[in-house]
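Data first, discussion second: the structure below is written as structure tokens.
The values are calculated or read from the model by the stated rules, or taken from the named source; none is laboratory data. Computed from a predicted structure; not experimentally measured. Methodologically, a virtual Cβ is constructed for each residue, glycine included, from the backbone with ideal geometry; neighbour enumeration extends over all protein chains shown.
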Amino acid sequence: MVIYRAPTDNFNLFFNRLDDIIKKLYKVDLRLTIYGDINIDYLTDNDKKRQLDAVLLIYNPSVIVHFPTRSQGYSSTAIY
């Protein structure tokens, strides 16, 4: 599954639709892979990250990106 959420899009609408889609696709014996750009920085503690984590944990995901995806000067982000 490939997804994209623009940084200025309505997060709650995106979040609810993503949850609905995963619910429809999910099966215990199916390995669902999500690729994309959700535009949430995982190096900072924020509400969007917590909301997404709470829903994804229901489906027992494996996160494969554990490093900054963008570094600029003295700052780094891990945008998922």
Can you tell me which residue within the stretch 23-51, out of those that are β-branched (Val, Ile, Thr) and under 12 Å from the mean Cα position of the chain (by Cα), is surrounded by the fewest Cβ atoms within 10 Å (Cβ to Cβ)?
-> Thr33
Pair list, Cβ under 7 Å, 6 or more apart: the stretch 48-70 residue farther than 19 Å from Asn10 by Cβ, other residue among the aliphatic types (A, V, I, L, M) and at pLDDT 75 or above | Tyr59/Ile22; Pro68/Leu43
Of the residues in the stretch 1-22, those that are surrounded by 12 or more Cβ atoms within 10 Å (Cβ to Cβ), of a type in the set (A, V, I, L, M) and without any contact (Cβ under 8 Å) to a residue 24 or more places away in the chain come to Ile21
